[in-house]
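As structure tokens, the structure follows; a few thoughts come after it.
The values are calculated or read from the model by the stated rules, or taken from the named source; none is laboratory data. What you see is a predicted model; the values in this text were computed from it and never measured. Note that each Cβ is placed from the backbone with ideal geometry, even for glycine, and that neighbours are counted across all protein chains shown. Keep in mind that these areas ignore ligands, DNA and RNA; they rest on the heavy atoms of the full protein, side chains included. Shrake-Rupley method; radii C 1.70, N 1.55, O 1.52, S 1.80 Å.
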Amino acid sequence: MELLKVEALCKVYGKGENEVRAVDGVSFSVPKGQMVAIIGASGSGKSTLLHLLGAVDQPTSGKVWLDGQDVFQHNKKELAIFRRRQVGLIYQFYNLNPVLTAEENIVLPVLMDGRKPDKAQLEKILDMLELKERRNHLPSQLSGGQQQRAAIGRAIFTAPQIVLADEPTGNLDSKNSAEIMELFRQTNRELKQTILMVTHDESLAEQCDRIIVLHDGKIISDETKGASKGAGGNAL
Amino acid sequence: MRFENLLASRYVKAQKRQSAFTVVSIAVAVAVMAMFFVLYGVIMDNIEAYEDRTSPPYHLIIYNWPENKASALKNDPFVQSVSFELVVKGSLTAKIRLDKEIGSQYLWLDSLQINNQVDELDYEWNQTRMKLDGIGSDIRVQKFLVFWIVLIFALLFAFALRLVVDTAFEISSKERERHYGVLQSIGATPKQIVRIITRESLWLCVPAVPLGLVLGIALAFGMYRAVLGAGLAEVLSIGSVLNWKMHFSVRPLMLLVAAVVGLIWTFLSAYGVGMRVVRKTPMDAITARADQVKTVKKHSLSGLFFGLSGRIASRNARRQKKRFRITVLTLTVSITLFALFSELFQSLERFVAERWGGDANGYPTYSVELLEDPDDGVSLFDGLQALEQSGLFQDVRVFVVETLEYPSEDPDPDRASYHKRTLCFVNQQEYQYIFGSNPPVCYDTLASSGDFVFISPRIEDRDLDEKEIEHMQKAIAEAKTGTIVLYSNSLMKARGGQGQTDPDAGSPEPERCPHELKICAVCESYNYEEIRDGLVGALDYYQSIKEDWFGAKAEFAFAEMRAIENGEYGFTEYQQALSFFRAHGKLMELLEDNFGEILKTKNILASIRTGVLFFNCIIALAALINLLNIISTGIANRRSEMASLQCVGMTDGQLLRMTLVECLQYVIKAGVVSAVICILVIVLHEQLMVPKLMNTIYGEEWMLYLEDRNAKIIMDLVKLDPVTIFARIALASALAFAAGSVDTILMLHAQNKNSLTERIHNEA
């Protein structure tokens, strides 16, 4: 079942001589529960693509559908609620709020919704993330791996349709990287979570169900484990 | 707790330095507003207290209320109390206090007249007392007007102070823009982001507003004491005839207004910042793309003068244009106000000193009316004697004015003034003052002979009608014959008791006594222009004929003198002279007090100067807070960036130069903008204000008077000197740069205590 659909997506920076086509007419689709790696050289447009999919940036042209909804048809407020409930974003540098504890950071999307966090769910996630002991610590008191785990917790706490991770292990050592990847696989397996992950690391990408390769803003390869689809994406 | 509240309170607690700066900024803004409102209250309270003390206690005085209708007035429901005084039989003077519920006092008075069938009332409203007691319909309009004037003033003033609060929020939000971007990216709505920032502002107001109010009261009291101490206290003690002293009071309403305005501005500043933040996409906020240098200027002035450090500094300034502009704007405002205020004030000071100080020729002079009371046996000569024997004055010049009538057959009452002749009896000092060292006749001869000198009018210089010219020509012709016959009359003779005749009262025709006056000389005198065709006689002769010709009381007797100066004539000597006049209140009344005027002017100017200085200091403080904070937060936020530069070989000296150049950019831009504004003000002043002033003094054809000496002096005095203004701009800019440099050095020194790795790691 198709969860995400991207059609002729473009993001252009600058004008005239200074024009840079960060994402250049990308089209593909992702079925529910798939774990996708987006790889490519620096400046290939991976992060920009991810930010467009998460609706944290506006495309120059093109469309994105999530669960049948045209994402950029929403106004600012609707987009915010969409991100809060349907998307989980994870950044390379964690981007946790420095004034909130690990636990508060994890439940933040629910607090934004004006709801009370589900305690059982919180305990389950803290357990899974191995953050129980550090739940009341501020980000500055956590290690890099712990901060990234808290960021993952924040991304999956609302059980969003899709998790978008921008180089989630880019700032971590190999041990922590392996642990984070295991977490992703676990959530993908146990929670049937759809995950799109940008990475430089081909060995990490190999652990995903599908690998999309970007070059100069265009998809040059799109391979699903067990079946090669070639450039241009698996659906369009 | 809602997550907005949670985050707002956490930001306040976590970012102590930013919070403290914002609290200080809000407190300073509220303090300055509170200071002005409290001072406004102090001025109003003192004016009210002064008016209460000096204004009569009634609201209305009726001079001709019928005696038989006194009880009707007393029993009127809107009359609170009334006191009567019988002046003429059948007619009362009524002093009335009115009830607050009266409504329109005019309608009430009309109905009072109609109900009591009184045809014409001679009355006077005591507006001051009515204003104090809040009586009548006008008071509502007045209160409404005052309310709006104060409100508009408050809003304008508060708008200027909003810059301070704006800068504080701009800076603190800038630091957190990335956090807001992340919050948006994980689902915070724009409304929620704005709410976080506004909630935070309200949290910060909790300590800031009370602190600002206390500081404002302290500042107001400081300014009050400074202004009083600078000379206003002396000015008030000059008016110590009233034994008046100012007092300091704080109106709670004024504090409330300052607090409310402070709260509103803080909220609006925070709201504005919030709206700016949410206008960006989350990624723009996270990556600060908007603040990145988009175009690279290969050549910049800073780069030209300061090399690589200058180039980096120049690009840094372009990274955060809004922040750069706000800092430059606040600095510009303070530098411009300082330069213009001080120059305008100095120009005003020059003008006042020349206008009032010049007339005094540097001497303390006084003039008095010499009083007479035939019942107490007090004559003007007693006053003269007291002045001469006081040991306080010298050069006492006496001038007694009397009027005699012409024997004329002309029945036209419109030309009554032509039938009168002014006689001035002067003492020797005044005679010398009038005619100088070459008098037409020696004073002693004039005194012994009883002759008069005729002051010939200058007909050709005057704008006279035909009848006036005819009259003056006749007077000159008569004077040349050597004698003039004039009349005194019996009522004038009895003037000491009852005053002027009343033709409507059916008084009998006055008895006329002819006097033949001998004219010994006819001459012109520029010093006595106002007398026109008058006669000057000796005071000694006047003494011998006064009773016979004019009666017990002189029409007007005037003395002018200089104080005896042993060394510097100061406030103590001046107080002695005032004590003398007060002690001799029965003999003389002080009319002009030149030294007091100079003293008042000087002291008022000194008080204004102190006030302006105080005001300038506060503006400078606000600007300095902004500048220092921007420099220090700028350095603190770029510690990783600076550490990276140091890692690749930038020396401490180069780093210091780079940050100093940044500071210099703020100051130079502010100085240049200030100079441009000042040039505009100077041009406007020359093109609009000066012509308007000259128009007021000389009329529409003032251009014709430009060669006139006085006009030149005025033009010179009101001129704004560009050189002084630019020198002040340079001075203020240099001071700002010095303060910024000290801050920069201290910040870099503190930062360099940490290792480069630590600094780079901290930023990450």
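A single member of A:Leu52, A:Leu66 is within 11 Å of another protein chain (Cβ to nearest Cβ) and touching a residue at least 40 places away in the same chain (Cβ under 8 Å), and it is A:Leu52.
Would you say A:Val163 is in contact with an Asp or Glu (Cβ under 9 Å, 6 or more places away or on another chain), farther than 24 Å from B:Lys16 by Cβ and within 14 Å of chain B (Cβ to nearest Cβ)? Judged against the criteria, A:Val163 is not a match.
Table: residues versus (1) part of a helix (DSSP H, G or I); (2) closer than 23 Å to B:Trp549 by Cβ; (3) at pLDDT below 65.
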residue: B:Ser448; (1), (2), (3): yes, yes, no
residue: B:Pro457; (1), (2), (3): no, no, no
residue: B:Gly496; (1), (2), (3): yes, yes, yes
residue: B:Lys518; (1), (2), (3): no, yes, no
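Put simply, of A:Glu17, A:Glu104 the only residue that is closer than 27 Å to A:Glu130 by Cβ and assigned to a helix (DSSP H, G or I) is A:Glu104. Inspection of region A:124-133 identifies no residue that is open to solvent by less than 70 Å² (accessible area, probe 1.4 Å), over 20 Å from the mean Cα position of the chain (by Cα) and among the charged types (D, E, K, R).
Residue by residue, here is whether (1) of a type outside the set (Gly, Ala, Ser); (2) part of a helix (DSSP H, G or I); (3) open to solvent by 40 Å² or more (accessible area, probe 1.4 Å); (4) touching a helix residue (DSSP H, G or I) at 6+ places or on another chain (Cβ under 9 Å) holds:
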position: B:Arg10; (1), (2), (3), (4): yes, yes, yes, yes
position: B:Thr22; (1), (2), (3), (4): yes, yes, no, yes
position: B:Val38; (1), (2), (3), (4): yes, yes, no, yes
position: B:Tyr50; (1), (2), (3), (4): yes, yes, yes, no
position: B:Pro56; (1), (2), (3), (4): yes, no, yes, yes
position: B:Tyr63; (1), (2), (3), (4): yes, no, yes, no
position: B:Pro77; (1), (2), (3), (4): yes, no, yes, yes
position: B:Gln80; (1), (2), (3), (4): yes, no, yes, yes
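Of note, A:Asn136 satisfies the criterion of being surrounded by fewer than 19 Cβ atoms within 10 Å (Cβ to Cβ) and within 14 Å of chain B (Cβ to nearest Cβ). The single condition among (1) touching a Gly at 6+ places or on another chain (Cβ under 7 Å); (2) open to solvent by less than 50 Å² (accessible area, probe 1.4 Å) that B:Ile96 does not meet is (1). Of the set (1) surrounded by fewer than 16 Cβ atoms within 10 Å (Cβ to Cβ); (2) more than 9 Å from chain B (Cβ to nearest Cβ); (3) outside any helix (DSSP H, G or I), all apply to A:Gly114 but (2).
Residues that are closer than 16 Å to A:Leu4 by Cα and touching a helix residue (DSSP H, G or I) at 6+ places or on another chain (Cβ under 8 Å) number at least 3 in the following strands (runs of 3 or more DSSP E) confined to region A:155-215: A:162-166, A:194-199.
Here region B:616-649 is the region considered, the condition is being closer than 30 Å to B:Gln346 by Cβ and open to solvent by 40 Å² or more (accessible area, probe 1.4 Å), and the residue that is nearest to the chain's Cα centre (by Cα) is B:Cys617. Inspect region A:27-43 for any residue being within 14 Å of chain B (Cβ to nearest Cβ), touching a helix residue (DSSP H, G or I) at 6+ places or on another chain (Cβ under 9 Å) and either more than 23 Å from A:Arg85 (Cβ to Cβ) or crowded, with 22+ Cβ neighbours inside 10 Å (or both) and give the result as yes or no. Within region A:27-43, not a single residue is within 14 Å of chain B (Cβ to nearest Cβ), touching a helix residue (DSSP H, G or I) at 6+ places or on another chain (Cβ under 9 Å) and either more than 23 Å from A:Arg85 (Cβ to Cβ) or crowded, with 22+ Cβ neighbours inside 10 Å (or both).
Please verify whether A:Gly62 is over 25 Å from B:Leu183 (Cα atoms), part of a strand (DSSP E or B) and open to solvent by 10 Å² or more (accessible area, probe 1.4 Å), treating the condition exactly as stated. For A:Gly62, the condition - over 25 Å from B:Leu183 (Cα atoms), part of a strand (DSSP E or B) and open to solvent by 10 Å² or more (accessible area, probe 1.4 Å) - is met. Scanning region A:1-26 for residues that are at pLDDT 90 or above, open to solvent by 20 Å² or more (accessible area, probe 1.4 Å) and of a type in the set (A, V, I, L, M) turns up A:Ala8, A:Val12. A:Thr101 fulfils the conditions (1) at the interface with chain B (Cβ under 9 Å from one of its Cβ atoms); (2) at pLDDT 85 or above except for a single criterion, (1).
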